[in-house]
Structures are given as structure tokens and as C-alpha cells.
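Trainee: One structure is given below, represented as C-alpha cells, and several questions about it will come after.
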Amino acid sequence: METDRHYFFEGLFIIVLSVGAALAFIWLSGNHHRDDVLYRIHFSESVSGLSLGDPVKFRGVDIGTVKAMSLDLADPRRVEVDVALRKDAPVKSDTKASLKLKGITGVVFIELDGGSTGAKTLVAMTPEGQIPEIPSEKSTLTTLVEALPKAVERFLAIENQTRKVLADVGATTSEIKENPSRLIFGSKSKTTTASNEKGNSGVRQKEPPKRQDETGQ
């Protein structure tokens with residue numbers, strides 16, 4: 001009998017402790033969410049890989065999560081992302097948002113950066129009743145992808161120029177193989193030929209004028 005009573009009180013204690021822990025967790029979570037501030041970000045690039053609940057970080061530190069994503073009705077080329085950030089998050093009027101890739105897993109998160117010491121908070125700069133909007137900037141990956149075609153064009157131009165130079169070198173090498181004397185006398189022969197042409201030109205200029213016939217014509 002005593003043993004049954006012991007197990008009864010022990011089970012009751014565990015149940016009460018579990019319920020108390022659950023209530024404390026709900027209370028703390030509710031307070032935490034009430035302190036969150038809703039911000040809005042418009043991205044002009046694809047947000048593929050970003051999901052609801054993904055973290056929002058400020059210089060690598062978690063400060064919130066993604067709450068909603070939708071296309072901008074005013075401009076379908078933009079994506080509207082709402083994020084819930086901690087009330088104490090240092091979001092200033094000059095803070096920027098960008099998409100970051102976590103390693104090579106394809107997981108994307110939102111990174112906030114910037115915010116000078118003297119700048120006012122974004123919440124203070126936003127009219128009452130409006131959602132503070134954090135400006136976005138292109139991610140490093142998007143910038144590299146956009147610059148890739150120009151880099152390919154430059155590479156092809158350099159490749160074509162290299163091929164031309166190699167072709168000229170190959171032709172010159174073949175000529176030297178056929179006539180090795182070109183390697184020694186090639187430049188001298190050209191110089192001599194140029195001098196002879198110049199001399200002949202001078203001689204032509206010094207030729208006496210033709211005689212007039214007896215009639216004076």
C-alpha cells in the first residue's frame with residue numbers, strides 16, 4: 001500500500017512539473033514575440049532557397065526569422081519579405097539587407113549589415129502605422145553571375161589574340177626552318193632594301209629635265 005502511494009505522488013509530481021515547464025515556455029515565448037518588430041524587405045533578385053522560419057542575422061548573429069514571402073503586387077519583379085526582428089536589434093536608417101549562401105548546401109539566409117553610430121533607428125524614421133522597410137542590395141552571388149558574360153567576352157578576346165600571335169610565331173618559325181639565314185640576315189636585308197629604295201627615289205628626283213625640241217615646245 002505504501003509503495004502504491006509513493007508511486008502515485010511521484011507520478012503526480014512529474015505531471016505537475018511538466019505542466020509548469022510547458023506554461024513557462026509558452027509565457028516566455030509570448031513575451032518574446034510581443035517584443036519582436038516587423039520589418040519589410042524588397043528583393044530585386046530570386047529568393048530561391050529562402051523559406052519561412054529561416055534566420056535573419058546581423059553580422060552573423062541571429063536576431064530574427066522570416067515570417068512571410070510574396071511577390072510585390074506593384075512590381076512582380078520584386079519579392080516582398082517580412083521579417084520579425086528582436087526589439088533590441090540595431091536596425092538603423094542606413095542598414096542594408098542581402099541574401100547570403102550558407103556554405104555549399106544551398107541554404108539561404110538574410111544578412112543585415114551597416115548602420116553607422118550616428119544614424120537614427122529605422123523605426124524612429126518610419127511614420128506611425130507603416131511597416132519599416134530595410135533597403136536591400138544585390139548578393140555577391142548575383143553580382144558574380146551578372147558579371148560572368150563580360151568576363152567570358154574578355155576571355156574570348158584574349159584567346160583570339162593569343163591564337164593570332166601564336167599563328168604569326170608559327171609562320172615565322174617555319175620560314176626560319178626553311179631558310180636559317182633569315183635569322184641572321186633577315187633584318188639586315190630588309191634594312192638594305194629600304195636604303196636602296198630610298199636611294200633610288202633620290203636618284204629619280206635628280207634626273208635632268210627633258211630637252212626642249214628646236215621649236216621651243
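The values are calculated or read from the model by the stated rules, or taken from the named source; none is laboratory data. As the structure is a computational prediction, the values presented were derived from the model and not from experiment. So basically every Cβ, Gly included, is an ideal-geometry build from the backbone, and we count neighbours across all protein chains shown. The accessibility values were calculated without ligands, DNA or RNA, using every heavy atom of the protein model including side chains. Shrake-Rupley method; radii C 1.70, N 1.55, O 1.52, S 1.80 Å.
Trainee: Mind counting the residues in segment 58-84 that are touching a Lys or Arg at 6+ places or on another chain (Cβ under 8 Å) and under 18 Å from S98 (Cβ atoms)?
Mentor: Summing the residues that are touching a Lys or Arg at 6+ places or on another chain (Cβ under 8 Å) and under 18 Å from S98 (Cβ atoms) in segment 58-84 gives 7.
Trainee: While we're here: Quick one: A89 ticks every box in (1) surrounded by fewer than 16 Cβ atoms within 10 Å (Cβ to Cβ); (2) more than 20 Å from K138 (Cβ to Cβ); (3) not charged (D, E, K, R) bar one, so which box is it?
Mentor: The one condition A89 does not meet is (1).
Trainee: So which residues in segment 24-45 are modelled with pLDDT of 70 or more and in a helix (DSSP H, G or I), if there are any at all? Full working, then the answer.
Mentor: Initially, segment 24-45 is screened for residues modelled with pLDDT of 70 or more, giving 35-45.
Matches in segment 24-45: D35 only.
Trainee: Of all residues in segment 52-71, which are without any contact (Cβ under 8 Å) to a residue 40 or more places away in the chain and open to solvent by 60 Å² or more (accessible area, probe 1.4 Å)?
Mentor: Answer for segment 52-71, where residues must be without any contact (Cβ under 8 Å) to a residue 40 or more places away in the chain and open to solvent by 60 Å² or more (accessible area, probe 1.4 Å): L52, V61, D62, K67, M69, L71.
Trainee: Where the second residue is open to solvent by 70 Å² or more (accessible area, probe 1.4 Å) and the first is among the polar types (S, T, N, Q) and lies in segment 117-130, which pairs have Cβ atoms under 8 Å and are six or more apart or on separate chains?
Mentor: That search, which allows pairs on different chains as well, returns T126/E133.
Trainee: I've got another one for you. Give the residue, chosen from V108, V91, that is in contact (Cβ under 8 Å) with a residue 40 or more places away in the chain and in contact with a helix residue (DSSP H, G or I) (Cβ under 8 Å, 6 or more places away or on another chain).
Mentor: Residue meeting the stated conditions: V91.
Trainee: Is it the case, given these coordinates, that A74 is loosely packed, with under 11 Cβ neighbours inside 10 Å and farther than 11 Å from F109 by Cβ? Working first, answer last.
Mentor: Details: loosely packed, with under 11 Cβ neighbours inside 10 Å: yes; farther than 11 Å from F109 by Cβ: yes.
Here the answer is yes, as A74 does meet what is asked.
The rows are residues; the columns are (1) on the phi > 0 side of the Ramachandran plot; (2) at pLDDT 65 or above; (3) open to solvent by 60 Å² or more (accessible area, probe 1.4 Å); (4) of a type in the set (D, E, K, R).
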residue	(1), (2), (3), (4)
A119	no, yes, no, no
I134	no, yes, no, no
T143	no, no, yes, no
A151	no, no, no, no
K164	no, yes, yes, yes
D168	no, yes, yes, yes
N179	no, yes, yes, no
K190	no, no, yes, yes
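Trainee: Do we have V19 as of a type outside the set (D, E) and either at pLDDT 95 or above or over 25 Å from T121 (Cβ atoms) (or both) here?
Mentor: Numbers: of a type outside the set (D, E): yes; either at pLDDT 95 or above or over 25 Å from T121 (Cβ atoms) (or both): yes.
Spelling it out, V19 is indeed of a type outside the set (D, E) and either at pLDDT 95 or above or over 25 Å from T121 (Cβ atoms) (or both).
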